[in-house]
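What follows is a short report on a single structure.
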Amino acid sequence: MAETTFDRHDTTHIVWDWNGTLLDDNHANLAAVNAVCELFGRDPVEMDYWRSVFRRPLVPCYEELLGRALEDGEWERVEQLYDSRYQEHLPSCELSVGVPDVLHEWARNGGTQSLLSMASHEHLVPLITERGLNPHFTRVDGRRFETEHDSKAEHLVRHLDLQGIDPSRVVLVGDIDDDARAAREAGARSVLVATGLMSRDRLEATGSLVVDSPVAAVAALREA
């Protein structure tokens, strides 16, 4: 199921997702998830399983994973353990294949780009700085506030508003169905990469264009 054909001349700005899109961190995510499983006495899971169930909002996703409702205070324990274990594995996470070259390519052909992640803003900014990626982006935003549905949609609206960017000229490149939903609600379009935390069939069910990598995402926009 394919999204409406792109007109490259109407697409001037890419909003990039971070985890699972520009950063290849699936193994760190899985290690963190399995630390949570161990804490709650659940058997560890494989990546294919996690990609088949992962979704936002996160609380019901983890309740499905653990097979029961979370009690008062338990979600905070999940978040703390997950973040701690993820941080342990973060130094081993590389940029996705073709990054940052693909960022240079998009800019060289006249496009602008920014970065929006649901990772906390305080956690995200040092990572982007350490990897020398800031100059590529007109703005970098992590999660700065909580939303009722734990979706990127409201964050994307704010991210574009603060830059004065017309959403109709924007493509969000991400790796989960919430990226497609956020783009749609903000009036933008989306391309999803099948490299992150959601299986290809689930991505295709959104109606967005699904590609194999960030490089392929830019190629699709360039060749449209």
How big is Rg to Rh over the stretch 137-224, alpha-carbon atoms, Rh as the Kirkwood inverse-mean-distance radius? 0.96
Could you point to the residue in ALA180, THR195, GLY164 farthest towards the positive end of the stretch 164-212's charge dipole, with +1 and -1 charges on the Cβ of Lys/Arg and Asp/Glu respectively? GLY164
Quarter of Cα convex hull surface for the stretch 60-179, i.e. mean projection, nm²: 9.1
So who's got an amide H within less than 5 Å of the one on GLY142, skipping anything under 5 residues away but keeping other chains? H placed 1.01 Å off N, in plane. SER117, HIS121
Correct semi-axes for the chain, from √(5λ) of the alpha-carbon gyration tensor and rounded to whole Å with the largest first, are 29, 18, 17
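Taking all protein chains as present, what is the carbon and sulfur share of the accessible area of the stretch 13-65, in % to the nearest whole number, probe 1.4 Å?
Details: 960 of 1960 Å².
Reported share for carbon and sulfur atoms: 49 percent.
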Distance from the stretch 51-70 to the stretch 169-186 (C-alpha centre basis), Å: 22
Area accessible to solvent at LEU39, 1.4 Å probe radius, in Å²: 80
Mean residue ellipticity (222 nm) of the chain, computed from DSSP H runs ≥ 4 via -39,500 (n - 2.57), nearest 500: -12500 deg cm²/dmol
Between VAL191 and residues 5 or more places away or on another chain, the pairs with built amide H atoms under 5 Å apart involve LEU172, VAL173, GLY174
Based on Cβ point charges of +1 for Lys and Arg and -1 for Asp and Glu, what charge dipole magnitude is obtained for the stretch 72-182 about its Cα centre, in debye rounded to the nearest 20? 600
Simple Cβ-charge dipole of the chain, Lys/Arg +1 and Asp/Glu -1, about Cα centre, in debye nearest 20: 640
Just name one of ILE128, PRO91, SER114: the one whose Cα is farthest towards the positive end of the charge dipole of the stretch 75-194 (beta-carbon charges, Lys/Arg +1, Asp/Glu -1). SER114
In 10 Å bins starting at zero, report the fraction of Cα pairs in the stretch 1-127 per bin as a rounded %. 10, 35, 30, 18, 7, 0
Round to a whole number: what % of the accessible area of the stretch 85-130 belongs to carbon and sulfur, probe 1.4 Å? 53
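Between LEU90 and CYS37, how high is the FRET efficiency from 1/(1 + (r/R0)^6) when r is the Cβ-Cβ distance and R₀ = 25 Å? Nearest 0.05.
Plugging the Cβ-Cβ distance into 1/(1 + (r/R0)^6) gives 0.80.
The values are calculated or read from the model by the stated rules, or taken from the named source; none is laboratory data. Please read all numbers here as calculations on a predicted model, not as lab measurements. Glycine gets a Cβ as well: all are built from the backbone with ideal geometry, and neighbour counts include every protein chain shown. Heavy atoms of the whole protein, side chains included, go into the accessibility calculation; ligands, DNA and RNA do not. Shrake-Rupley method; radii C 1.70, N 1.55, O 1.52, S 1.80 Å.
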